[in-house]
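First the structure, in the form of structure tokens, and then the observations on it.
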Amino acid sequence: MSRRFNGEMGQVRGVPLPERIVKNWARVEEFQAAKQDLLIATYPKAGTTWTQEVVDHILNGGDDEKCKRAPTQVRMPFLEMTAADGSNAVAWGSWFEHVKGYWNERHTKKILYIFFEDMKEDPIREVTRIAEFLECQLSKNTIDHIVQQTTFSTMRENPMANYSTIPETHFDRTASDFMRKGEVGDWKNHLTAEQDFAFDEHYSREMAGCSIPIRFMI
């Protein structure tokens, strides 16, 4: 596990999770969702904070002050990465199983599937989709305002969104800032040709027969 998130690991149904979550898993199992509850289900570092900020702004009609009432992790608390050998035994479990699981349920449950690349490509379009899914009628000016207030540069400077309130004992900032670059395709600056080839093979094998239109560049 990366030094960025400190702590021991445990497992729930074979999925590696931080021990603090494993110890409290019974509370998760007992949780009863209300009809109006909204679940933002993402894999780590997949645009979670961005989505949380967009949703919070939509639900509050673009009111910046209401969206600064508390840090992201307080406003939207957690119910709480492929390994070097290519296995799926990583914290939070397999990315492949995560994305395929929700994709397969998208027609039988009330699920809105959002892609990071689509958000980067056309944020106005995607914020509008999210607002419509949430049945929130917002003016074009409000949508434009929400898009501006949830840009990467704005969130990076916002202590209520950038996780700077998390103590060093829980998040090691010497490894990396929580909000790194917010770009599509940065993998090109980090993977060697050999690693890129190995990933392509692993991805093709795990996603065989899956119709998710995932892009790695825009």
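Any chance segment 75-85 includes a residue that's closer than 27 Å to F152 by Cβ, loosely packed, with under 13 Cβ neighbours inside 10 Å, at pLDDT below 85 and of a type in the set (V, I, T)? No, segment 75-85 contains no residue that is closer than 27 Å to F152 by Cβ, loosely packed, with under 13 Cβ neighbours inside 10 Å, at pLDDT below 85 and of a type in the set (V, I, T).
Restricting attention to segment 108-140, and to residues there that are in a loop (DSSP other than H, G, I, E, B) and among the charged types (D, E, K, R), which single residue is farthest from the chain's Cα centre (by Cα)?
In the first step, residues of segment 108-140 are kept if they are in a loop (DSSP other than H, G, I, E, B); the result is 108-115, 122, 134-139.
Checking which are among the charged types (D, E, K, R) leaves us with 109-110, 122, 135.
Numbers: K109: 20, K110: 18, D122: 18, E135: 22 Å.
Filtering segment 108-140 for residues that are in a loop (DSSP other than H, G, I, E, B) and among the charged types (D, E, K, R), the one farthest from the chain's Cα centre (by Cα) comes out as E135.
All of E30, E105, E53, E97 fail the test of being under 14 Å from the mean Cα position of the chain (by Cα) and either at pLDDT 85 or above or among the aromatic types (F, W, Y) (or both), apart from E53. The single residue among F171, F152 that is at pLDDT below 65 and either at positive phi or out of contact with any helix residue (DSSP H, G or I) (no Cβ under 7 Å at 6 or more places or on another chain) (or both) turns out to be F171. Take K110 and tell me if it is modelled with pLDDT of 85 or more, surrounded by fewer than 17 Cβ atoms within 10 Å (Cβ to Cβ), basic (K, R) and touching a Gly at 6+ places or on another chain (Cβ under 9 Å). No; evaluated as a whole, the condition is false for this residue. The residues of segment 186-208 that are exposed (fewer than 10 other Cβ atoms within 10 Å of the Cβ), within 24 Å of the chain's Cα centre (by Cα) and assigned to a loop (DSSP other than H, G, I, E, B), listed by number, are H190, A208.
The values are calculated or read from the model by the stated rules, or taken from the named source; none is laboratory data. For clarity, every value in this text was computed on a predicted model and none was experimentally measured. Please note: Cβ atoms are built from the backbone with ideal geometry, for glycine as well, and neighbour counts cover all protein chains shown.
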